[in-house]
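As C-alpha cells, the structure follows; a few thoughts come after it.
The values are calculated or read from the model by the stated rules, or taken from the named source; none is laboratory data. Worth saying up front: this structure is predicted, and the values here are computed from it rather than measured. For neighbour counting, all protein chains shown are included, and Cβ atoms are generated from backbone atoms with ideal geometry for every residue, glycine included.
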Amino acid sequence: MRQLIFQVPAGQGRTVIETAKKHGGINLMRFEAASPDHPIDVVMVYVSNHLVENLLNDLEAIPDLHITLTPQGVMALQPPPSEAPQQVTQVQERSPLEVFLAGLQSVGSWRGFLGYAVLGSVVVWIGLYTNTSYLLVAAMLIAPFAGPAMNTAIATARGDRFLLWRSLLRYFAAIGVSILVTYLLSLILRQDSVSAAMIATSEVSQITVLLPLAAGTAGALNLMQSERSSLVSGAAVGLLVAASLAPPTGMVGMAIAVQRWPMVQSGVFLLLLQLVGINFAASILFRLYGLSPRGARYDRGKKGTFPLVLAITTAFLIALLSWQFLSPPTLQRASIAQRVVNDIQMQVQQSELVYLVETDTRFTRANIPDQNTLLCSVYVQRRDGITIADAEIRDRLSQDIQKEIQQQGYNITPLVSVTVLDP
C-alpha cells in the first residue's frame, strides 16, 4: 500500500475522506492545520498501489490540492487482529504515476551521469585489456546505461516526446563518452593487438536478440513490482541491462584504436540492438500495466506517439535482424562456431579410423584481409587395430573436415588442426 498526505483548503478534508473510502482507503485521518496564509485540512490516506492514480484523478477538481506520495510500501493494519496476515499479503504493482515520476527522478545531473560513464569505461577497458571477467561485471554495475534505456521505454509508453528525447540523448552521450575514453586509453597505452576478451565480446550469436528482449521485460517488471513483492533487486536488473552494453561499448573504442573494423561493426550492431530490443519489450509491458498518455498529474503525453515510436522501433529491429542474417559471418560468429563443432563431430563419427575426443572452434585474432579465419582444433584417438600412421590420419581428417565446412557456405576460412592421441 501507499501513504498519501493531502493538504486542501479548510472544509475540503471531508471530501477527500469520502473519496478515499470509495477507493478502498483505510486508516484515514483528518486534522486541521494552519498554513502561512490560511487554515487548511490535512488528510492522511492509505490506499492500494494500483488505486493511487484513480484516487488522484477523482480529487483533481479540488483547488490548491497539495499531495505527498510516499514511495515506500507501508503495512496498514485494521481490526480484527486475526486478519493481519491476510492484510499484509495483499501487495499490488506500483501505480503508473509512481513509475513515471520515479523515472524522472532517476535522470540526475549531467555531471554525475557523465562521471559514472567515464569511470565505467575505464573499468571496462581494464577488464577487456587484461581479460579479467570480474572487472567487466564491475563495469556493468557502474555504467549508467540502464536508466536511459528504461526511461526511453517509459517515455514511449507514456507518449512523452520530451522525456524520449532526453533519454535518447543521455543513452548516446554515455555511449559516446565510453567509446572516446576507451579509444584514448588504447592510444595512450599503445595497445596494438586485440585481447581474447575483445574477441569474445565481438562474437555475436543468432539468438542475441533474446537478451535485450529479456532485459527490457525484466526491467519493466522490476519497476512495476512493489519492492516487497519483487523477487529480484533493481541492481540485478540494471546489471542485466548493462551486461550487453558496457563490454561492447568499450570494445568499440578499443577496436577503433587498433583498426579492427569488423569488431567495430559487431559492437555498433550490439549497441543498437540493445536499445531497440529493450524499448520494444519494455514499452509494451508498461502499456499493459497501465502507463498511458494521460493520467493524474500528467498531461504531457501524446496519444499518437506510442504507436508511432513502437512502429519505428519494430522497423529498426527488423532492419537490424536483416542486417545480421544477410551478412554472415561477421554478425553470426558465435553461432557459426557452434555449428562447425557439430559438423566436425558428425564428420569424425563417420570415420572408421578414430574416435572423437574433443573439438574446439574459435575465430582468431589474425588480421588477414578478406578472410574470416576459424581455427578448429580436433583431438581424436585411433581405433583398435588401426595401424595407419598419425600423419596420414591427420591429413585425411583435415581434408574431410575442411571440405565439409566449406560445403556449408559459412563464408569462412577454416584452419583445421588434428591431433591423434594414443591411450
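Structure notes:
- Hits in region 29-56 - residues which are assigned to a strand (DSSP E or B), among the hydrophobic types (A, V, I, L, M, F, W, C) and crowded, with 17+ Cβ neighbours inside 10 Å: ILE40, VAL42, VAL43, MET44, VAL45, VAL47
- Residue among ALA255, ALA243, ALA281 that alone is at pLDDT below 90, at negative phi and surrounded by 18 or more Cβ atoms within 10 Å (Cβ to Cβ): ALA243
- In region 190-223, residue farthest from the chain's Cα centre (by Cα) [restricted to those that are over 21 Å from THR314 (Cβ atoms) and without any contact (Cβ under 8 Å) to a residue 40 or more places away in the chain]: ARG190
- Of residues in region 1-23 being in contact with a helix residue (DSSP H, G or I) (Cβ under 6 Å, 6 or more places away or on another chain) and outside any strand (DSSP E or B), the one surrounded by the fewest Cβ atoms within 10 Å (Cβ to Cβ): HIS23
Yes/no matrix, rows are residues, columns are (1) under 15 Å from LEU273 (Cα atoms); (2) touching a residue at least 12 places away in the same chain (Cβ under 8 Å); (3) exposed (fewer than 14 other Cβ atoms within 10 Å of the Cβ):
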{"site": "SER292", "(1), (2), (3)": "no, yes, no"}
{"site": "LYS303", "(1), (2), (3)": "no, yes, yes"}
{"site": "ALA319", "(1), (2), (3)": "yes, no, yes"}
{"site": "PRO328", "(1), (2), (3)": "no, yes, no"}
{"site": "ARG333", "(1), (2), (3)": "no, yes, no"}
{"site": "ILE344", "(1), (2), (3)": "no, yes, no"}
{"site": "GLN347", "(1), (2), (3)": "no, yes, no"}
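- Yes/no for ASP384 being within 28 Å of MET198 (Cα to Cα), acidic (Asp, Glu) and either modelled with pLDDT under 90 or crowded, with 18+ Cβ neighbours inside 10 Å (or both): no
Each row is one residue, and each column tells you yes or no for (1) surrounded by 14 or more Cβ atoms within 10 Å (Cβ to Cβ); (2) not assigned by TED's automatic domain parsing to the domain that holds LEU163.
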{"residue": "LEU310", "(1), (2)": "yes, no"}
{"residue": "PHE363", "(1), (2)": "yes, yes"}
{"residue": "ALA389", "(1), (2)": "no, yes"}
{"residue": "GLU392", "(1), (2)": "no, yes"}
